[in-house]
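Chemist: The structure that follows is given in the form of structure tokens.
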Amino acid sequence: MIDDRIAAADSKPDWLAPALTYACEWLDFQRWQRDQPGCVAAVVYRDEIVCERAFGVSDQLSGAPLTTRHRFRVASHSKSFTAAGLLKLCDLGALRLDDAVGRFVRGVNAELARIKISQLLSHSAGIVRDGADPAYWSDRGPFPTLEVLRTDALLSLIIDPSTRFKYSNLGYGLLGLVIEAVTGESYHEWIMREVIKPAGLSETTPDAPLPFGVPFARGHTPRLPEVGRLVMRGDSCTNAFAPATGFVSTAADLATFFSRLFPSSSNSWLTIESRREMSHRYWRDADTSVERYYGLGLMAGSVAGWSWFGHSGGFQGYITQTLALIEPGITISVLTNATDGPAFEWAEGIAMILARFAKGGIPSPRAAAWSGRWWGAWGVVDFVPIGGKVVVAFPTQSNPLSDASELEPIGVDTARLVTANGFGNYGELVSCKRSAGGEISEVDFAGSRLLPKCDFIQEITERYTSTKTQ
């Protein structure tokens, strides 16, 4: 396995390695800036892990470093595994998507008995989201047992079926019962053997707790007034809701799993037709400004001109996101161990960085000589070589390359701003000074002085803590 590094291989696009290098630098800065406990990111190109990095701590109390082998609660990513299991049963002819739930699950109310499996998979059944008492989402009670699930299955529908996208964890709990009825086995045993193992995953289980000694990242609350963050155990068993939210995994395993749902994948246990069906955009998410869709156990959308499918996950103390970018064949998985972790924002940010490199190409030798992070009175900027230009990026932003200025080197230590908005310094010169070893030690950015971090901190500390400023 690749641990905390970036892989290079001749078979990959030449822009991928430099793009991932900067994406990791940006993500590390973002985690620090947002005071997040930890984050793990993995990227798969086609069927191969090309990047896997861990940042921060696994447990804020102990301060133990987070590693790429730490398991996370990945919550609603579980639905994609459950959906893949049901599509496999369809491939085998054991059931059909338009079969009624009542054919397999006894004791549900008459309305629910007529609901189709496809409606539960696409969250269009119109049933309650979390059952009659979702106290478990606040750690104020256990997750629903089988008895509770069956009792909640007697509740009336909230809205008419097939009228809109209406998310339901209860629905996926019922789909777990469908799998058990069809296979004659427990959901956990069957999904491990028929979905998790065929996908080549070794760090994924359908529920917690984990065996002793397996590294597990603890969850954290958001920052709270006066007390800061508190550590959350995160290892509760989700019981009958495991098919909806129980899974425990790593970023590498998640990225690998979703990469094998590409219709173009040559290493999948599902038919091409089933993979296409899963990512088909059945319903648009209503009442939101975000253009987001849902298929059969998969979310879908677009970023940076690329279409994606994947899923998100929210558990007590964890926010996670996976994006499978269809056109470039790249899958990104970002796991955070805090309730306010910006996993989706960071996964999108990585995608936008990759798209910019894909368009601009591998850095030229002249542009590459300008690479670095610089600090000044107005904040921090990154010089990111892409093609023959140097993009002036802001790592504080969720899309650091958005509306960025560009430098074009015109000499060894001189460049001109060839792209800048009207309030910037378009057309002006940027120059740098270098150390005896050839490293850039100072940048004159159109009249603003930029320095390496340590030099800038020393300078600004002396300026604002001297007796003259008291």
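Chemist: Looking at ALA153 and the list (1) within 27 Å of ASP287 (Cβ to Cβ); (2) at pLDDT 95 or above; (3) buried (at least 18 other Cβ atoms within 10 Å of the Cβ), which single condition is not satisfied?
Modeler: All conditions pass for ALA153, except number (2).
Chemist: Contact list please: Cβ distance under 9 Å, first residue in segment 219-246 and assigned to a loop (DSSP other than H, G, I, E, B), second residue buried (at least 18 other Cβ atoms within 10 Å of the Cβ) and of a type in the set (Asp, Glu), pairs at least six apart or on different chains.
Modeler: CYS237/ASP207; THR238/ASP207; GLY246/ASP207
Chemist: Does ALA420 meet the test of being of a type in the set (A, V, I, L, M), without any contact (Cβ under 8 Å) to a residue 24 or more places away in the chain and surrounded by fewer than 14 Cβ atoms within 10 Å (Cβ to Cβ)?
Modeler: On the way: of a type in the set (A, V, I, L, M): yes; without any contact (Cβ under 8 Å) to a residue 24 or more places away in the chain: yes; surrounded by fewer than 14 Cβ atoms within 10 Å (Cβ to Cβ): no.
Judged against the criteria, ALA420 is not a match.
Chemist: Give me the residue from segment 392-416 that is over 34 Å from the mean Cα position of the chain (by Cα) and outside any loop (DSSP other than H, G, I, E, B) and, out of that set, surrounded by the fewest Cβ atoms within 10 Å (Cβ to Cβ). Before you say what the answer is, go through the steps one by one.
Modeler: Start the filter on segment 392-416 by keeping residues that are over 34 Å from the mean Cα position of the chain (by Cα), which leaves 409-416.
Applying the additional criterion that residues be outside any loop (DSSP other than H, G, I, E, B) yields 409, 414-416.
Values: PRO409: 21, THR414: 13, ALA415: 23, ARG416: 17.
Here the answer is THR414.
Chemist: Filter segment 222-240 down to residues that are among the basic types (Lys, Arg) and surrounded by fewer than 18 Cβ atoms within 10 Å (Cβ to Cβ), then give me how many there are.
Modeler: Residues that pass the stated criteria total 2.
Chemist: Still on this model: Find the residue count for segment 27-73, including only residues that are among the charged types (D, E, K, R), assigned to a loop (DSSP other than H, G, I, E, B) and either over 14 Å from ALA343 (Cβ atoms) or in the same structural domain as GLY297 (by TED's automatic domain parsing) (or both).
Modeler: Within segment 27-73, residues that are among the charged types (D, E, K, R), assigned to a loop (DSSP other than H, G, I, E, B) and either over 14 Å from ALA343 (Cβ atoms) or in the same structural domain as GLY297 (by TED's automatic domain parsing) (or both) number 4.
Chemist: Identify, please: which residue in segment 141-186 is assigned to a helix (DSSP H, G or I) and without any contact (Cβ under 8 Å) to a residue 40 or more places away in the chain and is, among those, farthest from VAL128 (Cα to Cα)?
Modeler: Let us first name the residues in segment 141-186 that are assigned to a helix (DSSP H, G or I), namely 146-152, 169-183.
Going one step further and asking which of them are without any contact (Cβ under 8 Å) to a residue 40 or more places away in the chain, we end up with 147, 151-152, 180.
Values: GLU147: 17, THR151: 12, ASP152: 9, GLU180: 22 Å.
Among residues in segment 141-186 that are assigned to a helix (DSSP H, G or I) and without any contact (Cβ under 8 Å) to a residue 40 or more places away in the chain, the one farthest from VAL128 (Cα to Cα) is GLU180.
The values are calculated or read from the model by the stated rules, or taken from the named source; none is laboratory data. The model shown is predicted, which means the values in this text are computed figures rather than measured ones. Using ideal geometry, Cβ is built from the backbone for each residue, glycine included, and neighbour counts are taken over all protein chains shown.
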